[in-house]
Each structure stands twice: as C-alpha cells, then as structure tokens.
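Colleague: This is the structure I have questions about; it appears just below.
The values are calculated or read from the model by the stated rules, or taken from the named source; none is laboratory data. Bear in mind that the values here come from a model prediction, so they are computed numbers and not experimental data. Note: ideal-geometry Cβ built from the backbone for every residue, glycine included; neighbour counts use all protein chains shown.
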Amino acid sequence: MKHDEFAAAVRGRLIVSCQAGAGHPLRDTATLARLALAAVAGGAAAIRCGGVGGLPDVAAIATGVPVPVIGLTKEGDDGVYITPTVASAVAVAAAGATVVATDATLRLRPDGAPFAATVRAVHDAGALVMADVATLEEGIAAAAAGADAVATTLAGYTPENSRRDGPDLGLVAALRAALPGVLLVAEGRLHTPEQAAAAVAAGADAVVVGTAITDATWITAAFAAGVRAAADRPSPS
C-alpha cells in the first residue's frame, strides 16, 4: 500500500490497538485476532498490533482483517523498546504489516542505527513507517527522516515528556502547526469518545484507541470503581 492510499484509508477515522502483554488474560493470538475483527466490524479503519516470531499477532491479524495493519514488536519494557532496531522493523514488515510503528525518539537505539536507517529498510521491504514520538522536536526530526506518519504514542512516557494525565493534545496541536502536510496520528491515554474528538479538533488526522476498547480488564475496573464510589456515598438524609 502506498502512502497516499494509507492516508486516505485512515484520515478522519479511528484506528484500534489490539495488544495484550504477558500475563494478561487476553494474551492469546487467536483472541486478539478476533478482537481485531470485532473492532473492524465497529468501524475501525486500521488495526495497530504487536508481535512477531514467537508471538505471531501481526501475521495473524494481517491475514484476518480487511483493513491496513500497523505492526510493531516490543523488546523489553524500558527505554527504546517499540520496534527498536532495523532488524526488528524488517521482521514486522515481513510479517505482513502495512505500516511498521517504531520508536522515533532521539534516544539511542539498541543497534546504534539512526532512525533514518529504519525508514530506508522498511521502505525497501515494501512497507510504510509510523514514527512514535514524545516531543515536537522528535516529530519534526522523524518527518525529515522520511516517516510516513507521526504518532504521539510516547508522549508522557519518556524523560523528555513525562506528562501522564490524559492525552497530550498540546503536542498534537504543536505537531500539526509545525508539520501541516504530515499524516498526524494521536495516540496515548485516549479513553473516551470525547477525548478522541478533541484530538481531531487539535489537528490529528487519525486517532488510535486501545485500552478503552480492547482491554476488558481495564474497562471492567473503570466500571467497578464507579459502582463502588456510588455505593460508598452517604445516602441523602
């Protein structure tokens, strides 16, 4: 799929992230593939998912859904761990991802290669690149290096941007102003339809929502907390 085709497919639309880490009750490739199908049935224009090799989620979902797949792989859980090397990015493309999502922060990557090397390798493999960034500077640099899309995935999760209370709509707006022609994706702590709409209003071309749609544990906990809080309130006298 070419860049313009992908952009047309997701612009003004919702992308759903279907992922579950080790130990999560939903950590099963077949289950995640069915979640992806359910998301598409509900209107998702693309699916973001992770897992190659021993966790073949990307391949299973790419062959099972009729929409573009944004694939990634995670190596560890600290520092640069989202598709952190050129080799891991090529593996995600080989698994069938339309787009490879990768850490595009200015931190040192484990293989020492610059982000631009990943862009070149993924393009050579026939896929597109989504740059996961945390700051305005990183988004500008990623676009200059040839990223096909810039996403705010890492805003709030790096030392350079440790804000964690809700989505970083300020970063979305700043990136839109600085990169008017770039496909801009809002991602990170978007938990309500209202927040998703606010991200579009701030300038996002598309919005990724994961936890609030596909993590049954998180959704249940949110409802359970609301019920408990109501039950604990004193009755009116």
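Colleague: Out of all the residues in segment 34-60, which are under 15 Å from ILE213 (Cβ atoms) and either acidic (Asp, Glu) or touching a helix residue (DSSP H, G or I) at 6+ places or on another chain (Cβ under 9 Å) (or both)?
Modeller: Within segment 34-60, ARG34, LEU35, ALA36, LEU37, ALA38, ALA39, GLY42, ALA44, ALA45, ALA46, ILE47, CYS49 qualify.
Colleague: Cβ-Cβ distance below 6 Å, separation of 6 or more or different chains: which pairs start in segment 210-227 with a residue that is in contact (Cβ under 8 Å) with a residue 24 or more places away in the chain and end on one that is crowded, with 18+ Cβ neighbours inside 10 Å?
Modeller: From segment 210-227, the pairs are GLY210/SER17; ILE213/VAL16; THR214/CYS18; THR214/LEU35.
Colleague: Continuing with the same structure: Does GLY71 qualify as being part of a helix (DSSP H, G or I) and surrounded by 24 or more Cβ atoms within 10 Å (Cβ to Cβ)?
Modeller: No: the conditions fail for GLY71.
Colleague: May I ask you to say which residue of ALA97, ALA113 is under 19 Å from ALA143 (Cα atoms), in contact with a helix residue (DSSP H, G or I) (Cβ under 9 Å, 6 or more places away or on another chain), hydrophobic (A, V, I, L, M, F, W, C) and touching a residue at least 12 places away in the same chain (Cβ under 8 Å)?
Modeller: ALA113
Colleague: Now a separate question. Between a first residue in segment 129-142 that is charged (D, E, K, R) and a second residue that is outside any loop (DSSP other than H, G, I, E, B), which pairs have beta carbons less than 7 Å apart while being 6 or more apart in sequence or on different chains?
Modeller: Once the first residue is charged (D, E, K, R) and sits in segment 129-142, its partners that are outside any loop (DSSP other than H, G, I, E, B) give ASP132/ILE82; ASP132/ALA101; ASP132/THR102; ASP132/ASP103; ASP132/ALA151.
Colleague: So, one more: Out of all the residues in segment 109-140, which are of a type in the set (Gly, Ala, Ser) and surrounded by 20 or more Cβ atoms within 10 Å (Cβ to Cβ)?
Modeller: Listed by number, the residues that qualify are ALA127, ALA131, ALA134, GLY139.
Colleague: So, one more: Output the residue which, of all residues in segment 204-225 that are of a type in the set (Ser, Thr, Tyr) and within 17 Å of the chain's Cα centre (by Cα), is farthest from GLY42 (Cα to Cα).
Modeller: THR211
Colleague: Moving on to the next point. Among the residues that make up segment 154-164, is at least one of them under 12 Å from LEU106 (Cβ atoms), modelled with pLDDT of 95 or more and touching a strand residue (DSSP E or B) at 6+ places or on another chain (Cβ under 9 Å)?
Modeller: Yes, segment 154-164 contains at least one residue that is under 12 Å from LEU106 (Cβ atoms), modelled with pLDDT of 95 or more and touching a strand residue (DSSP E or B) at 6+ places or on another chain (Cβ under 9 Å).
Colleague: Moving on. Within the group VAL80, VAL58, which residue is of a type in the set (Val, Ile, Thr) and assigned to a loop (DSSP other than H, G, I, E, B)?
Modeller: Step by step, each of VAL80, VAL58 is checked, and only VAL80 is of a type in the set (Val, Ile, Thr) and assigned to a loop (DSSP other than H, G, I, E, B).
Colleague: Inside segment 123-175, can you point out the residues that are closer than 20 Å to ASP4 by Cα and of a type in the set (Asp, Glu)?
Modeller: Result: ASP124, ASP132, ASP148.
Colleague: Now for a separate question. Could you tell me how many of the residues in segment 174-199 are assigned to a helix (DSSP H, G or I) and either crowded, with 17+ Cβ neighbours inside 10 Å or not aliphatic (A, V, I, L, M) (or both)?
Modeller: 9
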